[in-house]
Every structure is written in structure tokens, then in C-alpha cells.
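Everything on this sheet refers to the single structure shown next.
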Amino acid sequence: MTVQTALVFDYGRRRIGVAIANRLSNTATGLTVVAARDGQPDWRALDQLMQEWGPDVLVSGLPYNADGSESDMTAEVTAFTEELAGRYALDVQTIDERLTSAEAETMLREQRQTGARRRRIRKEDVDRTAALLIAQSWLRNADSHDKSNDG
């Protein structure tokens, strides 16, 4: 079975950015932010997203330090991905998400400066946009993986 749709997460101790990626249309969209308390996600909210979007695979950004070493969040995200796999019985892929939050913030700031975005930038906006960037990275990686397997 070809994987077409991924629900994508940017895990945080207080908020988890969520995006959806579709390989058929090669599109990614930032969806929402799910609350977390002390690193524990609102599983009911995640259950609803799973039911609503019916993904084939789950993808989570895996944070590393700039030098490629594991960050203090790497173990927490690994535990989160293991919990996702156990709860939803789907493949969970991880993608290096170094600097996505900083990139998301820069992107939103530029949108505000050009007038494409009117309201101020909130932490939730950054988390959702970081999930979107992870989703776009997954699409690029999936596309290049397909091309390398074409023959």
C-alpha cells in the first residue's frame, strides 16, 4: 500500500503543532495545536484528529542540536512517537527538525512585514507552522525516496 496521507507533529511539552501532508496532491497544511500538560498530550484531541483525517502514517519532528547530537527533547519525542505507534497501530516516521521553530518564526515575521499576515505572531502559530515545515520536509523526502526506487 502506498502511503498517501500523513498526520505530522511538532511535539512540545506544552503544545503540539499538527499538520497534514498528502502525497497525491503534494500539499501540506498546518491544522491546529493540541495542548499538552507536563509533556502529556491531550489524547482525546489527537483521537479526534486521527478519526477526522484517517492518516496512513504518522510523522514527528525529531529535535537534534545544531551539531547533530541528541537534544534534551530527543528522548521525550521518542517516547511520544512510541506512544503514538502503540495507540494508533500505524507506522510512525521521524524527521530531523533542527531549527524548524526558528524557521517558522522567521517565516511568520516576514509575512507580517509584507502585510500577508495582519495579526501578531502567537506561540501557537509558530508551533503549527513548524509542523507544516516538517510536513513539507516529509513530502520532499518521500518524493526523493520514490525517485530513487524507480529503477
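Within the range 27-56, the residues that satisfy the criterion of being in contact with a helix residue (DSSP H, G or I) (Cβ under 9 Å, 6 or more places away or on another chain), of a type outside the set (Asp, Glu) and within 16 Å of Ala85 (Cα to Cα) are Pro41, Trp43, Leu46, Met50, Pro55. Filtered by the rule that a residue be in contact with a Leu (Cβ under 8 Å, 6 or more places away or on another chain) and either farther than 16 Å from Phe80 by Cα or among the acidic types (Asp, Glu) (or both), the range 11-26 gives Ala19, Ile20, Ala21, Arg23, Asn26. One residue stands out in the range 20-59 among those that are surrounded by fewer than 18 Cβ atoms within 10 Å (Cβ to Cβ) and among the basic types (Lys, Arg): the one that is modelled with the lowest pLDDT, namely Arg37.
Look at (1) more than 15 Å from the chain's Cα centre (by Cα); (2) crowded, with 16+ Cβ neighbours inside 10 Å; (3) of a type in the set (Asp, Glu) and you find that Asp10 fails only one, number (1). Name the residues in the range 60-108 that are at pLDDT 80 or above, of a type in the set (A, V, I, L, M, F, W, C) and over 12 Å from the mean Cα position of the chain (by Cα), would you? Answer for the range 60-108, where residues must be at pLDDT 80 or above, of a type in the set (A, V, I, L, M, F, W, C) and over 12 Å from the mean Cα position of the chain (by Cα): Met73, Ala75, Ala79, Phe80, Leu84, Ala85, Ala89, Leu90. Pairing residues of the range 39-53 that are closer than 20 Å to Thr78 by Cα with residues that are among the aromatic types (Phe, Trp, Tyr), at Cβ distances under 7 Å and at least 6 apart in sequence or on separate chains, gives Met50/Tyr88. With respect to the conditions (1) in contact (Cβ under 8 Å) with a residue 24 or more places away in the chain; (2) part of a strand (DSSP E or B), Val34 lacks only one, and its number is (1). Taking every residue in the range 1-23 that is over 18 Å from Ala89 (Cβ atoms) and pairing it with any residue that is charged (D, E, K, R) and part of a strand (DSSP E or B), at least 6 positions away or on another chain, the pairs with Cβ-Cβ distances below 9 Å are Arg13/Arg37; Arg14/Arg37; Ile16/Asp10; Gly17/Asp10; Val18/Asp10; Ala19/Asp10. Being closer than 19 Å to Glu97 by Cα and among the acidic types (Asp, Glu) is a property that does not hold for Asp42.
The values are calculated or read from the model by the stated rules, or taken from the named source; none is laboratory data. Source: prediction; values computed, not measured. Note: ideal-geometry Cβ built from the backbone for every residue, glycine included; neighbour counts use all protein chains shown.
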